[in-house]
Amino acid sequence: MVHQNYDKIIEKIARVSGLDKNEIERKVEAKRAKLSGLISREGAAQVIASELGINFDNEKLKIDELLPGMKRVNLIGKVLNISPVREFNKNGKEGKVANLVIADETSNIKIVLWDTNHIELIEKKQIDIGHVVEIGNASMRENEIHLGSFSEFKKSDEIIEEVQTQISSKEKPIIMFRNMENVKNRSFIMQIFDPKFFNVCPECKRKVENSGENYSCQQHGIVFPEKRALLNIVLDDGTETIRAVLFQEGIGSLGFRNLENREAFEEQKKEFLGKEMFFSGNVRMNKFFNNMEIIIDRAEEIDLNALINELEVK
Ligand SMILES: [Zn+2]
């Protein structure tokens, strides 16, 4: 992931300066050597860029080019959704905050507005879902773009035909997980709890309750329910442990079968405990236990050959 960031900076320097990529990389290595390796490759590349007089400041970036920690970021995107404006009271100071999601053709990202003038545009619907907005002088915090009073936020006349509505999951360690975030993580299965079963309506797949002998769906009345499983496991990637919840899709991708058979379950459990895999899903705050958990929608085998090839290329 880090290498990808570096490559993007190098590409940008090459594009703007017209210099050969190899030459830029040599400059980066020379800079690092001079600083006794105390600076990351990304950091050294940024220094080279500024020495070449390349100013990233006024350049509009695509959403998938945004890197954590970036400042004075400019971008445009189409508003996909807007969350209700929230009021808060912090240390006796009242304020408002608004969240929206914007997308371009490469990806989408959450935007956080702190300035009352910006928030007013949302409240008055001068900026609304479907509008294209221009953002200037914003900063990246984690995977979000934050706008302060020095930032620009205005409607743009540019047209964005196709937007990437699929939220890309970023690979990150468990300790960095944040609520509501889509993440991918490589970790070990430390614990597998007994599966739980519940019934859903065959039409709308919503949970149904049994009333006497019958199962009834709020929308579809009395139905013959489908039985579904839920599996709780614990993951550990060395930075932290987290409880993970798997439903139908997640269980299927994990490779667990025939959960209702006790013996088969115990056999599979032995096979999966201690196994390392890639997991993708959405992080949620479990309000009951007051801790983070992840709803896994995909578990993938680790392709060691692919990982080795990737390392050799770098
Ligand atoms: Zn139903």
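The numbers here are math on the coordinates, done by the rules we state, and not lab data. Small disclaimer: the values here were computed from a predicted structure and weren't measured. Here Cβ is always computed from backbone atoms with ideal geometry, including for glycine, and neighbour counts include all displayed protein chains.
Data table
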| item | result |
| --- | --- |
| Values of log10 I(q)/I(0), in the order q = 0.17, 0.24, 0.25 Å⁻¹, for the stretch 53-133 under a Debye, Cα-only, solvent-free model | -0.76, -1.17, -1.21 |
| Entries in LYS12/LYS62; LYS110/LYS170; LYS93/LYS124; LYS71/LYS124; LYS78/LYS287; LYS110/LYS154 that, when Cα-Cα distance is taken, lie over 21 Å | LYS93/LYS124; LYS71/LYS124; LYS78/LYS287 |
| Listed residues ASN199, ILE127, SER169: farthest to the positive end of the dipole of the stretch 114-209 (Cβ charges) | ASN199 |
| Dipole in debye (nearest 20) - the stretch 245-314, about Cα centre, beta carbon charges: Lys, Arg +1; Asp, Glu -1 | 340 debye |
| Whichever lysines have a C-alpha closer than 19 Å to that of LYS269, once near sequence neighbours (fewer than 8 apart) are set aside | LYS196 |
| Nearest-20 debye value, the stretch 152-193 charge dipole, Cβ charges on Lys, Arg, Asp, Glu | 440 debye |
| Debye equation applied to the C-alpha atoms of the chain, log10 I(q)/I(0) at 0.07, 0.09, 0.10, 0.12 Å⁻¹ | -0.41, -0.66, -0.79, -1.05 |
| Contact order relative to length of the chain, as percent, for alpha carbon pairs under 8 angstrom and 6 or more apart | 12 percent |
| Set of aspartates and glutamates with alpha-carbon distance to LYS96 below 13 Å, sequence-local pairs under 8 removed | GLU87, ASP115, GLU120, GLU123 |
| Neighbour-limited loop hits for GluC sites (Glu not before Pro), the stretch 123-224 (at most 10 other Cβ within 10 Å; DSSP other than H, G, I, E, B) | GLU161, GLU162, GLU213 |
| Debye, to nearest 20: dipole size of the chain, +1 on Lys, Arg Cβ, -1 on Asp, Glu Cβ | 820 debye |
| Selection from ALA103, SER36, LEU113 lying farthest towards where the dipole of the stretch 1-137 points positive, charges on Cβ | SER36 |
| The chain - mean residue ellipticity at 222 nm from DSSP helices (-39,500 (n - 2.57) per run, n ≥ 4, rounded to 500) | -7500 deg cm²/dmol |
| Rel. contact order, % - alpha carbon contacts under 8 angstrom, at least six apart, the stretch 39-150 | 29 percent |
| Where chymotrypsin sites (Phe, Trp or Tyr not before Pro) fall in DSSP loop in the stretch 211-314, at most 12 other Cβ within 10 Å | PHE288, PHE289 |
| The stretch 86-237 - Kirkwood radius from inverse mean 1/r over Cα pairs (Å) | 19.9 Å |
| Ranked list, fewest to most other Cβ atoms within 10 Å of each Cβ, for MET277, MET176 | MET176, MET277 |
| Globularity index of the stretch 181-314, i.e. its alpha-carbon radius of gyration over 2.2 N^0.38 Å | 1.25 |
| Ordering of 94-102, 16-24 by burial proxy (mean other Cβ atoms within 10 Å per residue, highest first) | 94-102, 16-24 |
| Bins of 10 Å, starting at 0 and running to the largest distance - Cα pair percent for the stretch 1-158 | 10, 35, 28, 18, 8, 1 |
